[in-house]
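Please treat every number below as a calculation from the coordinates, not as lab data. Model, not experiment: these values are computed from the prediction. Note that each Cβ is placed from the backbone with ideal geometry, even for glycine, and that neighbours are counted across all protein chains shown.
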């Protein structure tokens, strides 16, 4: 009788491990993709901050709104654009760090799931 019950039970074990393996791979893919997206968002935040400051001051991100190249207003706008990071370094870094927060939260949740499932890194 024991032998009869043991055989079906043993057949179930590999399928359970395969399911866990698939789940682990899916979580690992989420962590990896999230990391790539976080790096891109952090990189893009450099220009996004500059455009944010341009919109705050001039209502646009393009200095061409002020006329042709060489006019005083155009030069002032270009000078502001070129020096945004020099003039607002702390605010800029805080902006860039805030962009990473949603990605950090996703990674934290996925890492907890990864550990809870008993997954491991290769």
Expressed in angstrom and ordered largest first, the alpha-carbon extents of segment 37-117 along the principal axes are 63, 21, 16
Quick note on 96, 109, ordering by fewest other C-beta atoms within 10 Å, gives 109, 96
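Report the gain in length on full extension from residue 51 to residue 26: 0.36 nm times residue separation, minus Cα-Cα distance, nm rounded to one decimal. Walk me through the numbers before you get to the answer.
On the way: separation 25, 0.36 × 25 = 9.00 nm, distance 3.62 nm.
In short, 5.4 nm is gained.
For the pair residue 93 and residue 33, what calculated FRET efficiency results from E = 1/(1 + (r/R0)^6), where r is the Cβ-Cβ distance and R0 = 25 Å, to the nearest 0.05? Intermediate results must be reported in sequence, preceding the final value.
Numbers: r = 25 Å, r/R0 = 1.01.
FRET efficiency, residue 33 to residue 93: 0.50.
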Pseudo-spin-label distance residue 121 to residue 60, built 7 Å along Cα→Cβ, given in nm, is 4.9
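Based only on other Cβ atoms within 10 Å, what is the fewest-to-most ordering of 84, 30, 22?
Details: 84 20, 30 17, 22 10.
Result, fewest neighbours first: 22, 30, 84.
Let me have the relative contact order for segment 37-117, percent, based on Cα pairs under 8 Å that are six or more residues apart. Don't jump to the answer; show the numbers that get you there.
Numbers: 41 pairs, mean separation 30.9, N = 81.
Relative contact order comes out at 38 percent.
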Simple SL model, points at 7 angstrom along Cα→Cβ for residue 113 and residue 76; separation in nm is 5.2
If 32, 111 are placed from fewest to most neighbouring beta carbons inside 10 Å, the sequence is 32, 111
